[in-house]
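Notes follow once the structure below has been shown.
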Amino acid sequence: MLSPNAREALGSTRALRWIETADSGLQGNPSAADVERIERALGWRPTSFEPAAGDRGPSPSAARWVARDGARSAFVKVGATTLSADWLRTERLNLEALSGPFLAQVLGWSDDRERPVLALEDLSDAVWPPPWTADLVDRVLACLDAVHGTPPPDRLAPMLEDGGSDWRHVAADPSMFLGLGLCSPGWLGASLPRLIAAAEGARFEGDALLHLDVRSDNLCFRAETTYLIDWNHATVGNPTIDLAFWLPSLAAEGGPTPETILPGEPEIVAWVVGYFCARAGGPPVPDAPHVRPLQLAQARTGLPWAARALGLPAPDG
């Protein structure tokens, strides 16, 4: 459960929203060819489409709609690039192998080897954060406990990472990271040895099912059920990793500071924060244009967390 201090921190802070404005070519209704693909997946022909709840805006990598025909509806994703098509195929196989109350129902699948379609239960009437409340945070924590207590399917490989590689990458060429303005060159130079050493000690081994992409646009709430969507990155490992990955974005969206939910764990914290810091300043990802702004927001709240966890001075950006 969320601590009293964490509940206090939620307050009335306005949540961040991630809005992409790039013209993806996928705005509006799907093409006639995609409607045919969606019909094959569903077994019925939608008569209308609308943007999916919780979506972060247009993306060149996948089209996401709520398809409707009278009382029937479904959330449909169409893989529009090679990478996003592969992600959908992986997600479909993962969902077939998983079970649990945190999963949206799979309604259909079609794959013409060009643009696969995954159809899921329509969750557009659910509550999609932000904003966050203490109750919603508690529900995510309970959901993650359920996920981590679910036996992972045999098809999922264990997590294998070189914990210090991201901070070593920053050390080798700090210009991209320093361009984010999160700290000074002096602070980074003095702090890197501690950050690298801590991240190298991160423990990834474990037998828990991991989602590995926990953040607000992958979470929603309906009645007593908490749903976790987008399972293409699922793996097996240390359950603390899922929690640590979520907390910087939660703090960026008006939630409590990460250590009020996950005290200690400096090695995992250093590794998670290094993941965001090593990537946030990179070029846009064509398949996922929202990723860099998200990583920057997570680095902005994560770097002070890592400093506090390791007893370093506060970043001076």
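The values are calculated or read from the model by the stated rules, or taken from the named source; none is laboratory data. Because the structure is a prediction, the values reported are computed rather than measured. No Cβ is skipped: glycine too gets one built from the backbone with ideal geometry, and neighbour counts run over all protein chains shown.
Tell me, yes or no, whether segment 127-135 has at least one residue that is under 19 Å from Trp231 (Cα atoms) and not assigned by TED's automatic domain parsing to the domain that holds Ala63.
yes
What is the number of the single condition among (1) in contact (Cβ under 8 Å) with a residue 60 or more places away in the chain; (2) crowded, with 18+ Cβ neighbours inside 10 Å; (3) not in a loop (DSSP other than H, G, I, E, B) that Ala85 does not meet?
So Ala85 meets the others, but not (1).
Go through (1) under 20 Å from Ala252 (Cβ atoms); (2) modelled with pLDDT under 95 and name the single condition Asp162 misses.
So Asp162 meets the others, but not (1).
Residue by residue, here is whether (1) of a type outside the set (Gly, Ala, Ser); (2) assigned by TED's automatic domain parsing to the domain that holds Arg194; (3) under 15 Å from the mean Cα position of the chain (by Cα) holds:
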site	(1), (2), (3)
Val236	yes, yes, no
Ala251	no, yes, yes
Glu259	yes, yes, no
Leu262	yes, yes, no
Val269	yes, yes, no
Arg279	yes, yes, yes
Gly317	no, no, no
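Of all residues in segment 88-123, which are surrounded by fewer than 16 Cβ atoms within 10 Å (Cβ to Cβ) and assigned to a loop (DSSP other than H, G, I, E, B)?
The answer is Ser99, Gly100, Pro101, Gln105, Asp112, Arg113, Glu114.
Given the criterion crowded, with 17+ Cβ neighbours inside 10 Å and assigned by TED's automatic domain parsing to the domain that holds Leu243, identify the matching residue among Gly181, Gly149, Gly164.
Result: Gly164 is the single residue among Gly181, Gly149, Gly164 that is crowded, with 17+ Cβ neighbours inside 10 Å and assigned by TED's automatic domain parsing to the domain that holds Leu243.
Whether any residue in segment 64-73 is out of contact with any Lys or Arg (no Cβ under 6 Å at 6 or more places or on another chain), buried (at least 22 other Cβ atoms within 10 Å of the Cβ), not assigned by TED's automatic domain parsing to the domain that holds Trp246 and not acidic (Asp, Glu) is what I want to check.
Checked segment 64-73: at least one residue is out of contact with any Lys or Arg (no Cβ under 6 Å at 6 or more places or on another chain), buried (at least 22 other Cβ atoms within 10 Å of the Cβ), not assigned by TED's automatic domain parsing to the domain that holds Trp246 and not acidic (Asp, Glu).
So, Arg215, is that one under 27 Å from Phe75 (Cα atoms), assigned by TED's automatic domain parsing to the domain that holds Ala288 and surrounded by fewer than 16 Cβ atoms within 10 Å (Cβ to Cβ) or not?
Considered against the rule, which asks whether it is under 27 Å from Phe75 (Cα atoms), assigned by TED's automatic domain parsing to the domain that holds Ala288 and surrounded by fewer than 16 Cβ atoms within 10 Å (Cβ to Cβ), Arg215 comes out as no.
Please verify whether Ala306 is small (Gly, Ala, Ser), touching a residue at least 24 places away in the same chain (Cβ under 8 Å) and buried (at least 23 other Cβ atoms within 10 Å of the Cβ), treating the condition exactly as stated.
yes
Looking at (1) over 23 Å from the mean Cα position of the chain (by Cα); (2) surrounded by 17 or more Cβ atoms within 10 Å (Cβ to Cβ), which one does Ala199 not meet, given that it meets all the others?
Going through (1) over 23 Å from the mean Cα position of the chain (by Cα); (2) surrounded by 17 or more Cβ atoms within 10 Å (Cβ to Cβ) one by one, Ala199 breaks only (1).
Checking Asp154 against (1) modelled with pLDDT of 95 or more; (2) under 30 Å from Ser191 (Cβ atoms): exactly one of these is not met. Which one?
Failing condition for Asp154: (2).
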